[in-house]
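Visitor: I'd like to ask you about the structure that follows.
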Amino acid sequence: MNLLKLITLGLLAALTLTGCAGGLGSGDYSRSQARSVQEVQTGVVVAVRNVRIEGTKTPIGTGAGAVVGGLAGSEVGGGRGSVVGAVVGAVAGGLAGSAIEEGVTRQNGLEITVRLDSGRTIAVTQGADEYFRPGDRVRVLSGDGITRVTR
């Protein structure tokens, strides 16, 4: 049973660290965006709306949850009961691990509607690491399929 506690603590630590990674906000760049050209447009913020950005859904949360659930389920019953418990525990643990990972990495975001100087109106959704108000003058950076609003 001590092994089960150790694995559970490891799962919680891994999911906590995953949550610290967060998502890309206006000031965050992925490695692939470094040294790449971005088109810059300017405009004025027309509207800002708070949104939630879904968390990551990788096999890590599912796998870790399945291991913990399988070990916990194997402690139930004896013989065939422990095998059935392990299978049921692994499935339930996998589902729980996936849900935990998605919940921990979910973040607050903003949908920012900008009227570009060209007259075109666009909306960009990004992490809420920088706040905007209608009337703010902003830059819109676009490149490699990613667009962000910044001051």
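Visitor: Find the residue count for segment 106-137, including only residues that are buried (at least 18 other Cβ atoms within 10 Å of the Cβ) and either without any contact (Cβ under 8 Å) to a residue 12 or more places away in the chain or touching a Cys at 6+ places or on another chain (Cβ under 6 Å) (or both).
Guide: Looking only at that region, the number is 0.
Visitor: Considering only residues that are exposed (fewer than 15 other Cβ atoms within 10 Å of the Cβ) and assigned to a loop (DSSP other than H, G, I, E, B), look in segment 30-44 and name the one that is modelled with the highest pLDDT.
Guide: 37
The values are calculated or read from the model by the stated rules, or taken from the named source; none is laboratory data. Quick caveat: nothing in here was measured; it's all calculated off a predicted structure. Neighbour counts are summed over all protein chains in view; Cβ atoms, including those assigned to glycine, are modelled from backbone coordinates with ideal geometry.
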